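Below you'll find the structure, written out as structure tokens, and then a few comments.
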Amino acid sequence: QTRPERRPPRPEPAMALRISARSGLRVLRSQFGRQVRRLSDAADKEYDMVIVGGGPGGYPAAIKAGQLGLKVACIEMRGSLGGTCLNVGCIPSKALLNSSHIYEEAAHGFGPHGIVADNVRIQLDKLMEHKSKTVHGLTSGIEGLFKKYKVDYVKGKGKLTSPTTVQVTGLDGSDAGVVKVRATPSCLHSPGLGGSPRRARRARRAALQPRAEGPPAQGS
């Protein structure tokens, strides 16, 4: 007869709690360390492709290059991916417009259907919170794709200093190092496609800081 395998005694509840806490702390430190190293070590790596700008042109290019097996870094100075369109342009504007259409329907369009909705009003803080959640969901989705296809996301301002190096300035203005690339630099020139800077500033201000305005004053 073979003797049954002796199992080690189970730890006491207090001991198990301490072991679990220490294990969880090691996991958190490990995960945090990997994130910090991934950003700081970008200056020590050499990439097949470095993309300056994570807007509607930059982030799809980075994802596609990652899908093709290239070693890619994407540098974005805004602090979130998606560019003007996703952060302060198209998507926030459409989110606010959609909310305003719902308000208009509730205030004036329910009556013919026999639906009474009294005292319909706008809570601007909730409106902006909904818009921010919409934007955050999409930008975090892009970051998830970066992780999936092993694209290094570097938060900072990139500047080409030579055909094979990109100088990165951190979001806080500090020097974040130099990113090296094996590829040949390329820039898209689009003469005649520039918009009005004043109009762009107005659109950005409206998306970030809308005001609840009443009817115009008499005589204005």
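So what's the projected area for the stretch 58-112, the Cα convex hull averaged over all directions, in nm²?
Mean shadow area of the hull around the Cα atoms is 5.6 nm².
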Mean Cβ-within-10 Å packing, highest first, puts peptides 74-86, 56-68 in the order 74-86, 56-68
Obtain the nm distance between the two label points defined at Thr169 and His130 by a simple spin-label model: each point lies 7 Å from its Cα along the Cα-to-C-beta direction. 3.9 nm
Once you put a point 7 Å from the Cα of Thr161 and another 7 Å from the Cα of Glu104, both along the Cβ direction, what distance in nm separates them? 5.2 nm
Order the peptides 110-123, 128-141 from the highest to the lowest mean number of other Cβ atoms within 10 Å of their residues. 128-141, 110-123
Accessible area of the stretch 67-153 belonging to carbon and sulfur atoms, whole % at 1.4 Å probe: 58 percent
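The values are calculated or read from the model by the stated rules, or taken from the named source; none is laboratory data. All of these numbers come straight from a predicted model, not from anything done at the bench. Cβ coordinates were reconstructed from backbone atoms using ideal geometry, including for glycine residues, and neighbour counts include every protein chain displayed. Side chains are part of the model used for accessible areas, which takes the heavy atoms of the whole protein and leaves out ligands, DNA and RNA. Shrake-Rupley method; radii C 1.70, N 1.55, O 1.52, S 1.80 Å.
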